[in-house]
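No value in this document is a laboratory result; all are computed from the given coordinates. From a predicted model like this one, the values you see are computed outputs, not experimental measurements. Positions of Cβ are generated from backbone atoms using ideal geometry, with glycine treated the same way; all protein chains shown enter the neighbour counts.
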Amino acid sequence: MIKNRLLLSSLFVVICVILGLSVGILTSNYYRSEETTPAIDGFLWPAPKVIPPFSAVNQDGARFTHEDMEGKWSLLFYGYTHCPDICPVTLAVLQKFYEKLESEANASNVQVIFISVDPGRDTPEKTAEYTRYFHKDFIGLTGSKSQVDQMTRMIGIAYFLGEKDASGNYLVDHSASIFLVSPEREWIGIFSAPHQPTDLLQRFQAIRSAVTKLKQ
C-alpha cells in the first residue's frame, strides 16, 4: 500500500514539475494509520514533519523564526500583496475563520501566517498594510529571496515570477493551499482549495481534537 502511494506521489511530482504547478509535495514514506486518523474531506494528512530552522522579517520589521511557531497552531498561506484573486479570497476566508474562533474563545493558541513569495515588492510595510486589512492579528512574513526560498522549501512548494509588463508589473504563480502546523512545530496537513470559512473551521477543530488525543 505504502509502495503504491510512493509511486503515485513520485508520478505526481514529475507531472507538477512538467506543468509548472505550485503545489505541496509530500515526501515522507510514513503515513498515519487509518485507525487513528479521521477521514476529513478536503484535508491531506502527510507524515508529521518538523519545520526546520528559518529566519524571516515580520510585518513590524522584527525577526520571526521557527521558534515563534512553537506552542501555537499555525495556518500558513503563501501569496503576495499584488495578487489579484487567490490571495484576497483566501485571506478573507481566513479572516472569517479566525473571527469565529475568537468568538468561541478558541483563538488564543492559533495564528494565521501570510508568507510573501514576492520579496522584490513586498516590504514589511506593504505586508503590514495588507495583512492588517484582513485582521490585526494576522502575521505577515517577508525577507530576502533566500529567506523566502527557505520558507517555501520547508513545506516543499514552488513559486514562479511571471514576465514583467510594460509598466513593470508581474504576476506570481503560487500554491492556493493552506498548510497546518501543530504547536510542536510539525507540519501535519494541507487544506486544499477551494476554501469556505465554516468548512475550514469544522475541519480544523476536528483535526485539533484528533491530534490532541493522539498525543495524550
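Trypsin sites (Lys or Arg not before Pro), restricted to the range 171-216: which are DSSP loop and have at most 16 other Cβ atoms within 10 Å?
Taking the range 171-216 and a limit of 16 other Cβ atoms within 10 Å, the loop trypsin sites (Lys or Arg not before Pro) found are 215.
Among all the aspartates and glutamates, which ones have a C-alpha under 16 Å from residue 213's C-alpha, if same-chain residues fewer than 8 places away are not counted?
Within the straight-line limit of under 16 Å, residue 213 reaches these aspartates and glutamates: 34, 35, 184, 186.
What distance in nm separates the two pseudo spin-label positions at residue 109 and residue 65, each 7 Å out from Cα along the beta-carbon direction?
If labels sit at residue 109 and residue 65, their model points lie 2.3 nm apart.
Just to confirm the filter: which trypsin sites (Lys or Arg not before Pro) across the range 58-150 are DSSP coil and have at most 13 other Cβ within 10 angstrom of their Cβ?
136
Points 7 angstrom from Cα along the Cβ direction at residue 198 and residue 214: gap in nanometres?
Going by the 7 Å Cα→Cβ label model, 2.8 nm.
On average, how much area does the Cα convex hull of the range 56-210 cover when viewed from any direction, in nm²?
Result: 8.7 nm².
How about the range 112-216: which GluC sites (Glu not before Pro) there are in a DSSP loop, with at most 11 other Cβ atoms within 10 Å of their Cβ?
Those that pass, being in a loop and sparsely packed, are 163.
Under the 0.36 nm per residue contour assumption, what length would be gained going from the current alpha-carbon distance of residue 72 and residue 160 to full extension?
Here the answer is 28.7 nm.
Hey, fewest Cβ within 10 Å first, where do 172, 110, 50 land in order?
50, 110, 172
Report the extension gain between residue 167 and residue 132 in nm, rounded to one decimal, defined as 0.36 nm multiplied by the number of residues separating them, less their alpha carbon distance.
9.9 nm
Quick check: pseudo-label points 7 Å beyond the Cα along Cα→Cβ at residue 144 and residue 121, how many nm apart are they?
According to this spin-label approximation, the distance is 2.3 nm.
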